[in-house]
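Just so you know, all these numbers are worked out from the coordinates, no wet-lab data involved. Not measured: the values here are computed from a predicted model. FYI the Cβ positions are ideal-geometry reconstructions off the backbone, even for glycines, and counts take in every protein chain you see.
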Amino acid sequence: MVTRFDNDYYEKAKIWYVSFVGKKLYKLRKTVMEGLFGEAKTYHGLSRAKLRGIDNVEIQLLLTATVLNIKRLFKKLDAETLRNAAQKLQDQFQYLVFSIFHRYLARLLVCWV
C-alpha cells in the first residue's frame with residue numbers, strides 16, 4: 001500500500017475527477033487547454049526551456065502565457081471595435097433614411113396645401 005503525505009487530497013481529487021462535473025471539465029480541458037499548450041509549444045518556443053533553473057523556466061512560461069492572453073485580448077477588442085463601428089454606421093444610416101423620408105413627407109405636405 002502506497003501512502004503519501006497528501007493522501008487525503010489525492011483521494012478527494014480522484015473522487016472529484018470521476019464525478020459528472022469532473023468529467024465535463026476534463027472534456028473541456030482537452031478541447032481548450034490542450035490547444036493552447038500546442039500553440040505555445042509550436043509557435044512560441046515553449047517546447048524547450050531557453051534557460052536553466054525552475055525560476056527561469058517559470059518566467060518563460062509566464063511570458064508565453066502573457067503573450068497568448070494578449071493575442072486573445074486583441075482579437076476580442078478588435079471584434080468589439082468592429083461591432084461598435086457597425087452600430088455607429090447603422091445609427092447614421094437610420095438617421096439618414098429618416099431625414100430623407102422626413103424631407104420627402106414635408107415636400108408632399110407643402111404640395112398638398
Under a GNM of the chain (C-alpha, springs under 10 Å), which listed residue has the highest mean-square fluctuation: LEU46, LEU77, LEU96?
LEU96
In whole angstrom, the spacing between the Cα centers of the range 1-22 and the range 25-104 equals 35 Å
Working from Cα positions, state the angle (0 to 90°, nearest 10) between the long axis of helix 54-112 and the longest principal axis of the chain.
10 degrees
Tell me the angle of helix 7-17 to the major Cα principal axis of the chain, expressed in degrees between 0 and 90 and rounded to the nearest ten.
40 degrees
Taking a label point 7 Å from the Cα of ALA106 along Cα-to-Cβ, the residues of the range 74-96 whose backbone nitrogen sits under 18 Å from it are 94-96
Relative to the chain, whose Cα atoms define the longest principal axis, helix 20-43 and its Cα axis are tilted in degrees, nearest 10, by 80 degrees
Top of LEU61, LEU89, LEU36 by mean-square fluctuation, Gaussian network on the chain, Cα under 10 Å
LEU89
Over the Cα atoms of the range 51-113, compute the convex hull volume and normalise it per residue, giving Å³.
40 Å³
For the range 1-48: span of alpha carbons on each principal axis (Å, largest first)
42, 27, 14
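Test of understanding: what is the full-extension gain from ILE70 to LYS12, defined as 0.36 nm times their sequence separation minus their Cα-Cα distance? Don't skip to the end; give the middle numbers.
Values: separation 58, 0.36 × 58 = 20.88 nm, distance 3.49 nm.
That works out to 17.4 nm of additional length.
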At q = 0.18, 0.23, 0.25, 0.27 Å⁻¹, what is the base-10 log of I(q)/I(0) for the range 35-87 according to the Debye formula with one equal point scatterer per Cα and no solvent? Please give it to two decimals.
-0.63, -0.83, -0.91, -0.99
Under 10 °C and 1.306 mPa s, how fast does the chain diffuse according to Stokes-Einstein, given a Kirkwood radius computed over C-alpha pairs? Answer in µm²/s, whole number.
78 µm²/s
Picking from ILE70, ILE54, ILE100, which is most flexible by a Gaussian network model of the chain using Cα springs under 10 Å?
ILE100
